[in-house]
1. Out of the stretch 159-184, which residues are surrounded by fewer than 21 Cβ atoms within 10 Å (Cβ to Cβ) and under 25 Å from Pro234 (Cβ atoms)?
2. Tell me, which strands (runs of 3 or more DSSP E) lie completely within the stretch 33-134 with 2 or more residues that are within 15 Å of the chain's Cα centre (by Cα), more than 15 Å from Ala227 (Cα to Cα) and modelled with pLDDT of 95 or more?
3. For the stretch 203-223, indicate whether the set of residues that are in a strand (DSSP E or B), open to solvent by 60 Å² or more (accessible area, probe 1.4 Å) and out of contact with any Asp or Glu (no Cβ under 6 Å at 6 or more places or on another chain) is non-empty.
4. Tell me, which residue of the stretch 224-251 that is assigned to a loop (DSSP other than H, G, I, E, B) and either at pLDDT 95 or above or under 30 Å from Ala186 (Cβ atoms) (or both) is least open to solvent (accessible area, probe 1.4 Å)?
5. Surrounded by fewer than 21 Cβ atoms within 10 Å (Cβ to Cβ) and within 22 Å of Ala93 (Cα to Cα), is that true of Pro137?
6. Which of the residues that make up the stretch 252-261 are open to solvent by less than 40 Å² (accessible area, probe 1.4 Å) and under 22 Å from Ala96 (Cα atoms)?
Amino acid sequence: MSVAEKQSPATPKDVAFYRENGFIRYPGFFSRDEVAALGDAIDLAIETNRERIVGAPAGGRTSEAYEKVFNQMVNLWTDFPDVKTYSFHHALAETARRLSVCRHVRIYHDHAMVKPGGSGSRATNWHQDLPYWPMEPDGALSAWVAVDDVTVENGCLHFVPGSHRLGPQEPIALGVAGESIVAKMAEKGHAVAEPVAMEMAAGGVTFHHGCNFHHAGPNLTDRPRRAFAVIYIPDYVRFTGGKDAAGAADEMTAGGPWEHPLHPILAGSP
């Protein structure tokens, strides 16, 4: 079976688990060999100094501290054909559609994240994703693909079960030491569950709700840790305006659907 021919593994039991916890893990979604081409494409993007956000001022790289969290590149599918296979992967998108319980999902953007190794590596702050996205109501979610083996030592993701049910909060300053959505919620008197580490072999995939509290520790190894995410927009989520929309903000209407060539439907029916 080719990468493109895979079927979604999501069952009704998985949907219930996701709705309760705000995340789910699928070890072995892809094989190590199947994500090798994705890793090669990410390596090429780094070697050619691909901009973080094509067309943005300074290529979208504005914070040296943030680069120590990870080297980030958005919308690789638009200029790297080998990446598009994964960004538009039907089984990934269909899994997102089932978990979010909707008619269809669109792509918001893909997202290569390479966490550098060594003493200069920084942790990713505890945060939610949704406060940085121009959309409401909540429901958008991400598939996070382990391109390399991911462990606590090299900066795997950690999720807080059930935290998505607190809804979107004020965004924190990513890349600023000490900023933490978990700490802020604790200060407000909200009980926060113990986080769960998402260690996986290369090819494993997690899905997480845009309001789930998550972070990744520093990469303490001497090798970069490569990961790749795809963000999905359920049909019931609308564009709110006021923020960038992966390059499409000026061509969409606030309060309207995400109908744009940069945000095609990847699974389900219109």
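1. Pro161, Gly162, Arg165, Leu166, Gly167, Pro168, Gln169, Glu170, Pro171, Ile172, Leu174
2. Answer list for the stretch 33-134: 104-115, 124-127.
3. no
4. It comes out as Val237.
5. In short, yes.
6. Answer for the stretch 252-261, where residues must be open to solvent by less than 40 Å² (accessible area, probe 1.4 Å) and under 22 Å from Ala96 (Cα atoms): Gly256, Trp258, His260.
The values are calculated or read from the model by the stated rules, or taken from the named source; none is laboratory data. In this text, all values refer to a predicted model and were calculated from it rather than measured experimentally. So basically every Cβ, Gly included, is an ideal-geometry build from the backbone, and we count neighbours across all protein chains shown. With ligands, DNA and RNA removed, areas are computed over all heavy atoms of the protein, side chains included. Shrake-Rupley method; radii C 1.70, N 1.55, O 1.52, S 1.80 Å.
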